[in-house]
1. Which length gain, in nm to one decimal place, applies between Leu517 and Gln501 when the Cα-Cα distance is subtracted from 0.36 nm times their residue separation?
2. Which ³J(HN,Hα) values, rounded to whole Hz and listed in residue order, are derived for segment 283-291 from phi using the Karplus coefficients 6.51, -1.76 and 1.60 in 6.51 cos²θ - 1.76 cosθ + 1.60 with θ = phi - 60°, glycine and proline given as x?
3. Determine, from the Cβ-Cβ distance of Thr92 and Thr179 and an R0 of 41 Å, the FRET efficiency 1/(1 + (r/R0)^6), rounded to the nearest 0.05.
4. For Arg401, what residues show an amide H to amide H distance below 5 Å, using hydrogens built from the backbone and excluding near sequence neighbours?
5. Run through every distinct alpha carbon pair of segment 408-482 and return the Kirkwood hydrodynamic radius in angstroms, one decimal place.
6. Within 12 Å, Cβ to Cβ, of Asn140, how many net charges do the neighbouring residues add up to if Lys/Arg are +1 and Asp/Glu are -1?
7. Asn422: net charge of surrounding residues, Cβ under 14 Å, Lys/Arg +1, Asp/Glu -1, itself excluded?
8. What does the highest-first list of 373-384, 22-33, 335-346 look like by mean Cβ count within 10 Å?
Amino acid sequence: MLRSLIFPGGICPFQAVRALASSVSVVNSEQVSLARLPAGTYYLEVYGYSGAFNPNYTLTLATPGGGIPTLPDDTFEDNDTFATAANLGTLTRTRSISHLAMRDGDDWYRFTQLGTGTANNFVGIDFLQAQGDLDLNLFNARGNFVGSSIGVSNTERISLDRLPPGEYFIHVRGFRGATSPSYSLFISPGINTVAPPIVDDAFEENDTRGTATRLGTLTTQRTFTNLALSDAADYYSFRTNGTGASNSAVQINFDHARGDLDLVVLNASGTVVGRSNGFSGSESVSLANQPAGEYTVLVFGYRGARNPNYSMTINPATVTAPTGRDTLYLVFDGANLTNQQLRDWAGSDWAGSVSGYLDPEGDGIQVNRFLDGRADREAVITSLISLVQADLTPFGITVERRNVGSAVAGEGATTIFFGVANMRNVYHVAGDIDYGNNNMTDIAFVGDENWGSAASTALALADVALHEAGHTFGLFHVNTRQNGTLFRESMGLRYSSAQNQWLQNTSFLDQTFTEYLNHGGGRGTQNAFTTMQRNFGLSTSSPAAAQALFESTFAAEAAIPRSYITAQLLSDHDMHVDHDMHDDHDDHTGDDKTTPPPRVNLTGKVFVIQTKDDTEYSVEQMFDEVVRQEQVTDSPVNDFVADSSAEADAGEFELSEIAAGDAALAFSDLDSLGALLDGSF
């Protein structure tokens, strides 16, 4: 038998006070009327007559508001335990969360801070004490107590000062079970002051002169954006076709506050044309009066600085017509080629192709508009050009869309006509395999193919275009399947695989393959990469060849006597090229460069140069870079000397042949040594 009593708010039901109403019957229900009771807080007591118990009963309140009043909970529930703490994630700035509710006595939250906390970092809550007294505790990820705030005001705060990076747990609780309809949570975490790693740009890897990104022949001003220096150096090479004008220049622009960058430009022989190492957000080297030729741009950071974003503008400002051999022209809008045009272009170089398979009927060749009627035609063309350009950039070739339906004649250039042509026995075809790449005019044809999406169609036809262009550059068919592995070599993929394997991003690989069905006239093997280098007048010292030369020159390091020298360096240089010209960088003031450089015999040995601060630089790195230098690739490694003359600026070197067995290294300071070791020159 249960009884019920009701008391006014603010009075403990166990105090000796008179109840407002009661119900003490002997039936299965008890009811107390709220009639005429004013608005307010009331306590209801349910008890057993003479200490009786009951395992199951229901409580119903019919209030003027229409039922049992409840506190609405927040969206972070159910977060009432350490294990079910609401995860706020990794915080990199202050976060505040309002409209939280304490309905059940405990709320838990978890967060991660990336940096060590300071006096400015804290966890806190704001609330109205009159609505419910809340307290605050903090624990680490292992559940160990870190701190608490148990005041009697409307705010609780726990400092994160000197707390290490990691995950923490916040416990908000009601004092003696108190609830609160609304509170706010504030977290000001420790912030990681270490800058995030710089994301490198699309031109990598271009960290040495030997791996410089080739920008081709430039005839108009070009600006390259969204470049990033995330390592020691970025190298680019380009060609000009005439003498530089007064406004010809190479310029980089950047935010100096994010990293001080410097600029050096070298000519084809490795001589420094100019350098710019100021302290603003722009560096510029003039090309005025510089002759036509190949140039290398070096961008690097002062004292190892990095910069997440810079742009480079090259203005050749020349008027000479472009060298045709270094440009691949692509025609997409149709063409009507007469037999006379074909014979004029062929001359004596490929006249047999005209009469043999290109136009044996003598009525010319009509080429339809490429992918005519396809809605995404331009998207295919744009992607195709980009893919082919990426494949040909290492050889200094520029890909250009041509809006005239004829070939570029008499300049050594190749023109590819895209679209279905009326040739009867061929579809994708080149006019010639131009061994030596010395024809005055070359042409090729690439028909339509549909591979579904614009991206897939562009990828497939870019491979065909590269393949046919390769013939006009002097490449023949090869078998690219070796020991069961299919390699993505453009000159043989489609001849070595089924059609379902043709959708590949191919290129001219630095790898040797065997001739396919005597297509090269019995030439045997072909390395497309080195053949292209040779046919375009570039160094034939590929990375693979350089490594082979190094390995053939030096045995395994463990088998070679290792010697050490100590270079007494007179100043703490940092491999920064000629920063003595930096008026505002006074840390180099008074550098003494009169001390004769030590000369060390390297014949038959591997050396480590040990500086006074015990930093070691391996000469192996130097030799690996030396063999890449275009001007010295025809002689063995041991036949070179790197020398820094008394008159030369720090870091400038001339590589000259000397007698075999007399190899030596001379350096005057760490600038000079570092420039050679990291491939700066």
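1. Here the segment from Leu517 to Gln501 would lengthen by 3.7 nm.
2. 10, 9, 10, 6, 10, 4, 6, 6, x
3. Working: r = 33 Å, r/R0 = 0.80.
Plugging the Cβ-Cβ distance into 1/(1 + (r/R0)^6) gives 0.80.
4. Here the answer is Leu330, since their amide H atoms fall under 5 Å of that of Arg401.
5. 13.3
6. +1
7. The answer is -2.
8. The most tightly packed comes first, giving 335-346, 373-384, 22-33.
Read-outs: derived from the displayed coordinates by stated rules, not from any lab. Bear in mind the structure is a predicted one, so any value in this text is a computation, not a measurement. Glycine gets a Cβ as well: all are built from the backbone with ideal geometry, and neighbour counts include every protein chain shown.
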